[in-house]
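To start, the structure under review is shown below, and the notes come after it.
The values are calculated or read from the model by the stated rules, or taken from the named source; none is laboratory data. Note that the coordinates shown come from a computational prediction; the quantities given were computed from them, not determined experimentally. Here the Cβ positions follow ideal geometry from the backbone for every residue, glycine too, while neighbour counts run over all protein chains shown.
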Amino acid sequence: MFEARLVQGSILKKVLDAIKELLNEASWDCADSGIQLQAMDNAHVSLVSLNLRAEGFDKYRCDRDLIMGMNLKSMSTILKCAANDDIITVKAQDNADTVTFMFESPNQEKVSDYEMKLMNLDQEHLGIPDTDYNCVIKLPSGEFARICRDLSQFGENIVIACTKEGVKFSAAGDIGTANIKLAQTSSVDKEDDAVDIDLQEPVTLTFACQYLNLFTKATALSPRVSLSMSPDVPLVVEYPIGDMGNIRYFLAPKIEEDENN
Amino acid sequence: MVRTKADACATKVSAAKAPRKVLSAGPSRAVAKTPGKERYAGGHSYNPQPVPAWQKGIGNFFKSVPKPQTSHSQEGSSGSNDAVAEDATSLQTQFQKNGVISDDDDD
């Protein structure tokens, strides 16, 4: 038996919004420690890794480890039937081929349940090595989304250059060039508005604008986002989900070809 | 103070309208925005861009591995213990697979 109850059901709705444009389907790995999801996007360019700890749920029971393969468009369709203030409970029997979503209004006067067919997905699981990144930038998630959106007007690449002074986002295209500089903030009046840079070495890397914009669909999950970068290794874009977990996106940077070739 | 004709009826109008204003203001509490959200709103909508030709797949950087064992409950809630979870052989995933539904019967 698996059962996970989330009083703040809107979190699950936002999680779906954060992944449904990248992934058509995904396996939700349920264990007694919590729920994990890892999947490459349809083009196998980026990787999504979601972690929801059992302690973050208001009630959590998982008698046996369970993989629930779900069509995310179908799941999103069902979760759209839940109001933002609904309590959401996800339930499945150990050997069931369906999962049930139950939505309860806060006053318990309306209770809905939706059953969805599960899929048998044979998805590749990638090992993510521990990496010591040259720089980790923490900034408001809304600011990052706005920057990615604005720079998408210019071209297919976004260059992120990080130094000890701050971080610069750039793009170039037919209409011209754009540069957005964010200085590292010294004041800590509003933690959510701060730009923090943990720098070992300056880094300049180029990323696909389209994917960065897809990652920003997770903005509603967190007021903060962190960007971890090192040369020649995938960028990590991480959104914490309160104290219950996080969602991380991985994207390879542009790799300069070997000059000897 | 200068009095005009309008002064005489002004109180009537405001008294009638005030309760309606209060009522319409009530539910906004439920959709209270985070302070920073509005600052980044507006402006351009996303302009779709093609994926650059140089983009490499994520599989070039991360190797495929068996799924890690995420808990010690693979034998059910009763009878399992931590030692079992730490056993190297338990790295082989023992997830309980759900019933098979073919991919094409969805959508």
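The residue that is surrounded by the fewest Cβ atoms within 10 Å (Cβ to Cβ), counting only those in the range A:85-101 that are modelled with pLDDT of 95 or more and aliphatic (A, V, I, L, M), is A:I87. For the range A:59-67, the criterion of being buried (at least 22 other Cβ atoms within 10 Å of the Cβ), touching a helix residue (DSSP H, G or I) at 6+ places or on another chain (Cβ under 8 Å) and away from every other protein chain (no Cβ under 11 Å) is satisfied by no residue at all.
Figure legend. Inter-residue proximity from the range A:39-55: first residues without any contact (Cβ under 8 Å) to a residue 60 or more places away in the chain, second residues in a strand (DSSP E or B) and of a type in the set (S, T, Y), beta-carbon distance below 7 Å, spacing 6+ or different chains. Indicated pairs: A:A54/A:Y60. Within the range A:102-116, which residues are buried (at least 16 other Cβ atoms within 10 Å of the Cβ) and free of Cβ contacts under 8 Å to residues at least 24 places away in the same chain? Once the filter is applied, which keeps residues that are buried (at least 16 other Cβ atoms within 10 Å of the Cβ) and free of Cβ contacts under 8 Å to residues at least 24 places away in the same chain, the range A:102-116 yields A:M102, A:E104. Reported count of residues in the range B:37-91, each being at pLDDT below 95, in a loop (DSSP other than H, G, I, E, B), under 27 Å from A:P223 (Cβ atoms) and touching an Asp or Glu at 6+ places or on another chain (Cβ under 9 Å), is 2. Are any of the residues in the range A:188-199 of a type outside the set (S, T, N, Q), buried (at least 17 other Cβ atoms within 10 Å of the Cβ), in a strand (DSSP E or B) and in contact with an Asp or Glu (Cβ under 8 Å, 6 or more places away or on another chain)? Within the range A:188-199, none of the residues are of a type outside the set (S, T, N, Q), buried (at least 17 other Cβ atoms within 10 Å of the Cβ), in a strand (DSSP E or B) and in contact with an Asp or Glu (Cβ under 8 Å, 6 or more places away or on another chain).
All told, A:K164 falls short of being surrounded by fewer than 18 Cβ atoms within 10 Å (Cβ to Cβ), free of Cβ contacts under 8 Å to residues at least 12 places away in the same chain and charged (D, E, K, R). Here A:S222 meets the list (1) in contact with a Phe, Trp or Tyr (Cβ under 6 Å, 6 or more places away or on another chain); (2) more than 9 Å from every other protein chain (Cβ to nearest Cβ); (3) farther than 21 Å from A:S10 by Cβ almost entirely, failing just condition (3). Checking the conditions here, which among A:L12, A:L47 is under 15 Å from the mean Cα position of the chain (by Cα) and part of a strand (DSSP E or B)? Result: A:L47 is the single residue among A:L12, A:L47 that is under 15 Å from the mean Cα position of the chain (by Cα) and part of a strand (DSSP E or B).
Here is the figure for the range A:102-159: residues that are within 14 Å of chain B (Cβ to nearest Cβ) and farther than 30 Å from B:G42 by Cβ total 21.
When A:L121, A:L52, A:L37 are screened for being in a loop (DSSP other than H, G, I, E, B), within 30 Å of B:N60 (Cα to Cα) and under 24 Å from the mean Cα position of the chain (by Cα), only A:L121 passes.
Scan the range A:225-261 for residues that are basic (K, R) and more than 11 Å from chain B (Cβ to nearest Cβ) and the total you get is 1. Tallying residues that are among the small types (G, A, S), surrounded by fewer than 21 Cβ atoms within 10 Å (Cβ to Cβ) and touching a Leu at 6+ places or on another chain (Cβ under 9 Å) within the range A:68-84 yields 1. Residues in the range A:213-247 that are assigned to a loop (DSSP other than H, G, I, E, B) and either farther than 22 Å from B:I58 by Cβ or in contact with a helix residue (DSSP H, G or I) (Cβ under 7 Å, 6 or more places away or on another chain) (or both): how many? Here the count works out to 6.
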